[in-house]
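Let me begin by presenting the structure, written as structure tokens, before commenting on it.
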Amino acid sequence: MSSDSISIQPISSSTKSVAKKKVHIETWGCQMNVADSERMLSLLEANNYELTNSGPDNADLILLNTCHIREKARHKVLSRLGVLDQLKAQKPGLKIAVTGCVAQADGKKLVELAPQIDVLIGPGKIDELPRLLRERDITGESAVATGFDRHNEDIHQKVDDHQTLGDEPMIHIPSVTGKYEVNRFVNIIQGCNNFCTFCVVPFTRGREISRSMTEILQEVRYMVSQGAKEITLLGQNVNSYGLDLIGCDDVPEDGGPFVELLKAVAETPGVERLRFTTSNPHDFTKPLADLFASHPKLGLYMHLPVQAGHDRTLERMKRKVTIDQYMQRIEWLRASAPNIAISTDLIVGFPGETEEEFEATLRLLEKVRYSFVYAFKYSSRKGTAAARFLDQVSEDEKDRRLAKLNELQDKITLEHVLAAIGSVKDVLFIYNSKKDPRIWVGKTLDYRTVRVCSEANLAGKTLPVKLTSGNKIALIGELVQ
Ligand code: SAH
Ligand code: SF4
Ligand code: F3S
């Protein structure tokens, strides 16, 4: 299609005369939920809504995009719904939509429990948000859509009045935070086929479905045209990308479609940095590790969740790799990029975890020397295999193990921070503090958070910074003149 053969109208033009409704969005959970919130906002914008940043009080629609990973995450949603119920009593026109993983897991039961919910949508049905809002208006009943379809159409085909210029989408994909225009997320694969025995994700996100490479590259080009400098490719098993497209169960020896996609995104003009998360050690190949040496735009940072340090625990978790295999991946990475920062996820107090098994996790921390870790107390999730295991660990014991693990890792994290002080690193600046706009926050290539003080607007700029001090959360630095 030639670019001058169509007249391109902004999507909002057809509804110019109608006052826009305001949507307030709260996003919990992982980055995939952030990307989903952006997708939903995009659909809402095409249906006469605009994002309000002035809180729920002024909104016509409140959207809670929820997380189900641990019981605590689910509780937050229930208590938030209680508060919003009071707001709704004062403002009868207000609509409440619950989306995300709690919506999928609880389904209609949640609407029975909380009838103030107008619309409930699982992550596999978010494209139906505008339709369900209309359905709610017409029927006066709560509208619900959960489940997963095999097809995975791109958002750009879903939005009414969509037109394209060449292959660039004309639909705005907004940033929900308004804060992260510089680094944007692109979902490349939905769902998970692994069924680790502790995890709800295969139930809340369905089986793996990859988007086509054409769609992904189109979205990346769009993000770059909107000012993005750093792209993070997302999936619960990001490195099994494309296996469903090529009909394979295991990643081919050459690294398969994921390695191919990373190379294509890295070569996209305007992409200055490229990251991906979350990688599963089972599908992690040597060609993937080798990319860190050959592709300098790849962030020198790898999040590789291990969950536990003992093979017996890993087997009960059904993680499909041993500690030796996991360590081989770490060696591949460090051979390819000696200074790569590595982080992980850990669960303490998994059913049946003995003191000996827990101590193996502590030894793993000392051996790998992660830059940082995300450690969680095991939370029993209904429907998962581990919820039925008999030898559950007491809460007190989980607390003790978590504190001991965090104490050890804090020491290691601080040693990494101290080693970085005095060095000069390139920092990509992302946003500035609301309280003090002179405080700019950015990331090094190896994913450390750095703050500097500057009167100038640094958003989107990559500048050398001398690191002068820091703690386990962030480093402080000065711009090198
Ligand atoms: N797909 C990623 C993990 C996604 S969930 C992977 O396979 O590594 C993010 C993290 O939440 C997990 O890595 C795990 O550490 C934690 N998690 C998941 N289920 C949990 C549960 N039931 N209790 C405690 N932590 C859990
Ligand atoms: Fe959950 Fe395991 Fe899938 Fe990760 S790989 S999302 S932990 S089931
Ligand atoms: Fe939570 Fe769902 Fe992500 S359970 S971690 S929001 S996939």
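The values are calculated or read from the model by the stated rules, or taken from the named source; none is laboratory data. This one's a predicted model, so the numbers in the text were calculated from it and none came from an experiment. With ideal geometry, Cβ positions are generated from the backbone for all residues, glycine too; neighbour counts draw on all protein chains shown. Only protein heavy atoms, including side chains, enter the accessible area calculation; ligands, DNA and RNA are left aside. Shrake-Rupley method; radii C 1.70, N 1.55, O 1.52, S 1.80 Å.
Each helix, a run of at least 4 DSSP H residues, gives -39500 (n - 2.57); summed and divided by the residues of the chain, these come to -10500 deg cm²/dmol at 222 nm. Taking trypsin sites (Lys or Arg not before Pro) across the range 375-425, the ones in a DSSP loop with at most 13 further Cβ atoms lying within 10 angstrom of their Cβ are LYS382.
Each of ARG205, ARG369 has its accessible area taken with a 1.4 Å probe; listed largest first, they run ARG369, ARG205. Summarised as an ellipsoid, the range 15-145 has semi-axes of 21, 16, 15 Å, derived from the eigenvalues of the Cα gyration tensor scaled by 5 and square-rooted, with the largest first.
Pairwise alpha-carbon distances in the range 179-299 exceed 24 Å for 25% of all pairs. For GluC sites (Glu not before Pro), the sites in the range 206-264 that DSSP calls loop and that have at most 11 other Cβ atoms within 10 Å are GLU253. Solvent exposure of the chain amounts to 45 Å² per residue of accessible area, where only protein heavy atoms count and the probe is 1.4 Å. Checking the a/c ratio against 1.5 first, then a/b against b/c, what shape does the Cα gyration tensor give for the range 317-467? Taking the square roots of the gyration eigenvalues as a ≥ b ≥ c, the range 317-467 is prolate.
Mean sequence separation of contacting Cα pairs (under 8 Å, at least six apart), scaled by the length of the chain, corresponds to a relative contact order of 10 percent.
Expressed as a whole percent, the proportion of Cα-Cα pairs in the range 424-479 lying more than 15 Å apart is 35%.
Shown are HIS75, HIS295, whose ranking by accessible area with a 1.4 Å probe and every protein chain present, most to least, is HIS75, HIS295. When both bridge partners sit in the chain, DSSP labels roughly 35% of those beta bridges antiparallel. The heavy atoms of PHE376 present about 50 square angstrom of accessible area, all protein chains included, probe 1.4 Å. Centroid-to-centroid, using Cα positions, the range 448-471 and the range 343-396 are 36 Å apart. Bridges between two residues of the range 179-299, per DSSP, are antiparallel at a rate of about 15%. In this structure, the residue pairs whose Cα-Cα separation is over 25 Å, taken from LYS297/LYS425; LYS72/LYS318; LYS320/LYS404; LYS91/LYS434; LYS286/LYS367; LYS411/LYS466, are LYS320/LYS404; LYS91/LYS434.
Counting only residues at least eight positions apart within a chain, or on another chain, the aspartates and glutamates with an alpha carbon under 16 Å from that of LYS435 are GLU455.
At 1.4 Å probe size, put TYR49, TYR447 in order of accessible surface, largest to smallest.
The most accessible residue leads, giving TYR447, TYR49.
Rolling a 1.4 Å probe over the protein chains gives THR285 an accessible area of about 20 Å².
For the chain, with all protein chains present and a 1.4 Å probe, just round the carbon and sulfur fraction of the accessible area to a whole percent.
Carbon with sulfur: 52 percent of the solvent-accessible area.
Scaling the Cα radius of gyration of the chain by the globular reference 2.2 N^0.38 Å produces a ratio of 1.00.
If each of ASP85 and ASN48 carries a label point 7 Å out from its Cα toward its Cβ, how far apart are those two points in nm? Label at ASP85, label at ASN48, 3.1 nm between them.
When only alpha carbons are used to place a centre, the range 95-139 and the range 198-215 end up 20 Å from one another.
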